[in-house]
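The values are calculated or read from the model by the stated rules, or taken from the named source; none is laboratory data. Model, not experiment: these values are computed from the prediction. Positions of Cβ are backbone-derived with ideal geometry, glycine not excepted, and every protein chain shown enters the neighbour counts. These accessible areas exclude ligands, DNA and RNA; they are computed on the full protein's heavy atoms, side chains included. Shrake-Rupley method; radii C 1.70, N 1.55, O 1.52, S 1.80 Å.
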Amino acid sequence: MNQETSPAAAPPDDETALRRTPSQKRSRERVEHILACATALIQEKGSDAMRMSEVAEKAGISIGSLYQYFPDKAAIVRTLAERYNAVCNECIAAELAKVTSLAELRDAFAVLFDIYYDMFLAEPVMRDIWSAMQADKALREIDLQQSRAGGQLLADVWARFAPGTPREAIDSAAFLIMHLGDCTMRLAVSVDRAEGDQIVEAYKRMILRDFVADGPGGGASLIDISGVRS
């Protein structure tokens, strides 16, 4: 076994995973350089047009060295996507950590969605990677896992203010909210800015009015603190 690397933690049948996880500084730096070069190429021409040979050339390494770490382009896209997802989850966790009431949860959700929207508007590479993931079954699963992870973070906080509601109902609703949010974001960044802004505002109004009602009298809701589903 190469002393600089160790087998990746991903299951052997996961063909989109990083092939070898760097354990030493030199190898980690090489992976970071490869990803930086891939990011630059994606920004320049898009992930569809990017070729592994171009990544190797830009990184100044042989194609064989590139394949030691990334078996194909999907592995690069996945690694970048997982990094962006990690940043998003950190943002979600940090914002929700401040919540002490259902009203604050509503406010935090609205703020989070605006932050998420701004991130994607500011990072064209994120938008491209997001689109690329929809064309690959294995990568779509990663996208679904991200919706579940975000939903879990939301559900953990929501459950504190809904002690009478079955946890599975909260989990399902939170997952749906996050997944619909991802779909909304894709739509919003695929149209012109003015229309995208309107779509984002419509989604937030729908969620805050219908999904996070504060009780039986709060209007139609997917789930409320009384534990009754609409």
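Which one is farthest from the chain's Cα centre (by Cα), of the residues in segment 128-145 that are open to solvent by 50 Å² or more (accessible area, probe 1.4 Å) and aliphatic (A, V, I, L, M)?
Of everything passing the filter in segment 128-145, Ala135 is farthest from the chain's Cα centre (by Cα).
Is it true that some residue in segment 108-127 is over 27 Å from Asp197 (Cβ atoms) and open to solvent by 50 Å² or more (accessible area, probe 1.4 Å)? Lay out the reasoning, then the answer.
Keep residues of segment 108-127 that are over 27 Å from Asp197 (Cβ atoms), which gives none.
There is no residue in segment 108-127 that is over 27 Å from Asp197 (Cβ atoms) and open to solvent by 50 Å² or more (accessible area, probe 1.4 Å).
Give the residues of segment 146-182 that are among the hydrophobic types (A, V, I, L, M, F, W, C) and either open to solvent by 60 Å² or more (accessible area, probe 1.4 Å) or closer than 16 Å to Leu112 by Cα (or both), sorted by residue number. Quick ask: steps written out before the conclusion?
Of the residues in segment 146-182, the ones among the hydrophobic types (A, V, I, L, M, F, W, C) are 149, 153-155, 157-159, 161-162, 169-170, 173-178, 180.
Across segment 146-182, the qualifying residues are Ala149, Leu153, Leu154, Ala155, Val157, Trp158, Ala174, Phe175, Leu176, Ile177, Met178, Leu180.
So how many residues does segment 161-205 have that are outside any helix (DSSP H, G or I) and either basic (Lys, Arg) or at pLDDT 90 or above (or both)? Spell out the reasoning first.
Taking segment 161-205 and keeping what is outside any helix (DSSP H, G or I), we get 162-166, 191-192.
When the remaining residues are screened for being either basic (Lys, Arg) or at pLDDT 90 or above (or both), the result is 166, 191-192.
Number of matching residues: 3.
Looking at (1) at pLDDT 90 or above; (2) not in a helix (DSSP H, G or I), which is the one condition that is false for Pro12?
Of (1) at pLDDT 90 or above; (2) not in a helix (DSSP H, G or I), only one is false for Pro12: (1).
State all residues of segment 48-74 that are under 27 Å from the mean Cα position of the chain (by Cα) and more than 12 Å from Ile34 (Cα to Cα); if no residue qualifies, say none.
Passing the criteria: Asp48, Ala49, Met50, Arg51, Pro71, Asp72, Ala74.
Restricting to segment 20-79, give me the number of residues that are closer than 19 Å to Ala138 by Cα, exposed (fewer than 14 other Cβ atoms within 10 Å of the Cβ) and small (Gly, Ala, Ser).
Residues in segment 20-79 being closer than 19 Å to Ala138 by Cα, exposed (fewer than 14 other Cβ atoms within 10 Å of the Cβ) and small (Gly, Ala, Ser): 0 in total.
Which pairs have Cβ atoms under 9 Å, sit 6 or more apart or on different chains, and link a residue in segment 122-137 that is more than 16 Å from Leu187 (Cα to Cα) to one that is of a type in the set (Lys, Arg)?
Asp136/Arg78
So in segment 85-105, with the set limited to residues that are open to solvent by 50 Å² or more (accessible area, probe 1.4 Å) and either within 18 Å of Met119 (Cβ to Cβ) or modelled with pLDDT under 90 (or both), which one is farthest from the chain's Cα centre (by Cα)?
Here is the first cut: in segment 85-105, the residues open to solvent by 50 Å² or more (accessible area, probe 1.4 Å) are 87, 90, 94, 97-98, 100, 103-104.
Okay, now just the ones that are also either within 18 Å of Met119 (Cβ to Cβ) or modelled with pLDDT under 90 (or both), so 87, 90, 94, 103.
Working: Val87: 8, Glu90: 11, Ala94: 15, Ala103: 25 Å.
My answer is Ala103.
Could you please find all residues in segment 146-170 being among the acidic types (Asp, Glu) and either within 14 Å of the chain's Cα centre (by Cα) or farther than 15 Å from Thr100 by Cβ (or both)?
Keep residues of segment 146-170 that are among the acidic types (Asp, Glu), which gives 156, 168.
Hit for segment 146-170 is Glu168, nothing else.
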